[in-house]
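Asks: Take this structure, written in structure tokens, and hold onto it; I'll ask about it next.
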Amino acid sequence: MNVFRKYLIFVFVTSISLYSVWTYTNPDLSVVEQKKASLAQPSLIIHSNGYDRGRGNIVGVQAFITGYEYLQEKYFFASMESYIEEAIARKFLQEDTLLVYPEHIGTPLFLLEEKKSILKHTSLEDATRYAFWSNPLRFVGEIFSLSRPKEIPIIKYWFTAKAEKMRDVYFHTFSTLASMYKTPILAGSILLPKPSLRDGKLVLGAGELENVSVLFGKDGNAKSLFFKNKLALPERRIAISKKEDQIVETNSSLGQFAVFLSHDSLYTTHYQKITRETNILLSPACLWSFQSISWQNEGFISDKQTNTTANIPDIVQNSKQLKNWMQFSLADKIRITKAKYGLQVFLQGKLFGLRFQGYSY
């Protein structure tokens, strides 16, 4: 009996040891895996809106993600830099260029230092469960929190656990790129808890997740912070929006511009708040394949400012979602303002069964 008990203890201790080793082991991608990940990337898509007055240009980056670029900081940095290198190769990068990355370019950084096998999952729920069991100590507060409302998804706590690391990598990447290439960058967006700017740095607070975009100057410092007002349905499960519902305008060497994060570009009231001095409208955007927008209930179709004869590109004619987006978004509503230039750039790619779509212009 003592021998059997010792055997059980041995098996138990061995199992715990092996599980602990697996939990804290995060092997790098092999050469083959890195090549496979790079082959999954389509040709880089860069849009450049130029100025005839010699005042620089705006370069929109339609980034394509697969998940691999978020597992480690070096992968994320290399991926973001590859678009700048492409812009240089096409001679888009000028003395007064503004780079614009798409919405949520930083949000998948919750995958930092996760095991590469997590990317095999085809749903966010399965990936979250896998992340939980691969390192349960991160969720220890969740395990013993019997008061957690059931409607709050556990992925929200995943974001909270990774928030500082996500902030650090996001900030360091775009700050470094902006200073290296001496070009300002509107760095898409990222979900972070109660973010704010302090002395050119991005700081976090104790609060709810918010969707924000940071403008980095040529010196690498954070110059402006833009909040998303109208959240998409998937975002509403874990994040909040600003109650003020305002659009921030800021100055640059290209002139004064305003930023509409994705769904903010659909609302006429936002355009009516734009001052006459604003000459440029920018919109980092992201659309999920499963996302459904109630165009009628939200009042877009009945909006008297909607131009039902808007010129829709043939490439989006077969998609009702994209066709409606073009008709009710920045592409048409820019005419409500005095702005002469506009750019909306979408995130592309696939992650956990989600397919990101959109037509950048």
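Asks: Evaluate segment 93-100: report whether one residue or more is touching a Gly at 6+ places or on another chain (Cβ under 7 Å) and either free of Cβ contacts under 8 Å to residues at least 40 places away in the same chain or assigned to a helix (DSSP H, G or I) (or both).
Replies: Taking every residue of segment 93-100 in turn, at least one turns out to be touching a Gly at 6+ places or on another chain (Cβ under 7 Å) and either free of Cβ contacts under 8 Å to residues at least 40 places away in the same chain or assigned to a helix (DSSP H, G or I) (or both).
Asks: Right, next: All but one of (1) over 24 Å from Leu93 (Cβ atoms); (2) under 19 Å from the mean Cα position of the chain (by Cα); (3) open to solvent by 10 Å² or more (accessible area, probe 1.4 Å); (4) at pLDDT 90 or above hold for Lys223, so report the exception by its number.
Replies: (1)
Asks: Let me confirm something: among Glu113, Glu69, Glu86, which residue is surrounded by fewer than 22 Cβ atoms within 10 Å (Cβ to Cβ) and either within 30 Å of Leu254 (Cβ to Cβ) or modelled with pLDDT under 55 (or both)?
Replies: Exactly one residue qualifies, and that residue is Glu86.
Asks: So, Arg198, is that one out of contact with any helix residue (DSSP H, G or I) (no Cβ under 9 Å at 6 or more places or on another chain), open to solvent by 10 Å² or more (accessible area, probe 1.4 Å) and either under 23 Å from Ser294 (Cβ atoms) or of a type in the set (Phe, Trp, Tyr) (or both) or not?
Replies: no
Residues are listed down the side, and each one gets a yes or a no for (1) under 21 Å from the mean Cα position of the chain (by Cα); (2) open to solvent by 10 Å² or more (accessible area, probe 1.4 Å):
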| site | (1), (2) |
| --- | --- |
| Ile185 | yes, no |
| Leu209 | yes, no |
| Ile240 | yes, yes |
| Gln256 | no, yes |
| Ile280 | no, no |
| Ser283 | yes, no |
| Cys286 | yes, no |
| Ser294 | no, yes |
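Asks: With respect to the numbered conditions (1) open to solvent by less than 20 Å² (accessible area, probe 1.4 Å); (2) in a helix (DSSP H, G or I); (3) touching a Leu at 6+ places or on another chain (Cβ under 8 Å), which one is the sole condition not fulfilled by Thr173?
Replies: Just one mismatch for Thr173, condition (3).
Asks: I would also like to ask the following. Within segment 242-254, how many residues are open to solvent by less than 20 Å² (accessible area, probe 1.4 Å) and in contact with a helix residue (DSSP H, G or I) (Cβ under 7 Å, 6 or more places away or on another chain)?
Replies: 0
Asks: Could you list, ordered by first residue, the pairs with Cβ atoms under 6 Å in which the first is in segment 167-184 and closer than 13 Å to Lys218 by Cα and the second is among the small types (Gly, Ala, Ser) and surrounded by fewer than 21 Cβ atoms within 10 Å (Cβ to Cβ), at least 6 apart or interchain?
Replies: Close Cβ pairs satisfying both conditions: Ser175/Gly220; Ala178/Gly220; Ser179/Gly220; Pro184/Gly217.
Asks: Same structure again: Which pairs do you get when a residue that is under 13 Å from Phe257 (Cβ atoms) and part of a loop (DSSP other than H, G, I, E, B), found in segment 332-361, comes within reach of a residue that is open to solvent by 20 Å² or more (accessible area, probe 1.4 Å) and of a type in the set (Ser, Thr, Tyr), reach meaning Cβ atoms under 9 angstrom, with the pair 6+ apart or on two chains?
Replies: Thr337/Thr275; Lys338/Thr275
Asks: Which residue out of Thr275, Thr337, Thr269, Thr306 is farther than 21 Å from Gln62 by Cβ, open to solvent by less than 30 Å² (accessible area, probe 1.4 Å) and at pLDDT 80 or above?
Replies: Thr337
The values are calculated or read from the model by the stated rules, or taken from the named source; none is laboratory data. Since the structure is predicted, the reported quantities are computational estimates derived from the model, not experimental observations. Quick reminder, even Gly has a Cβ in these numbers, built from the backbone with ideal geometry, and neighbours come from all protein chains shown. Note: accessible area is taken over every heavy atom of the protein model, side chains too, but ligands, DNA and RNA are not part of it. Shrake-Rupley method; radii C 1.70, N 1.55, O 1.52, S 1.80 Å.
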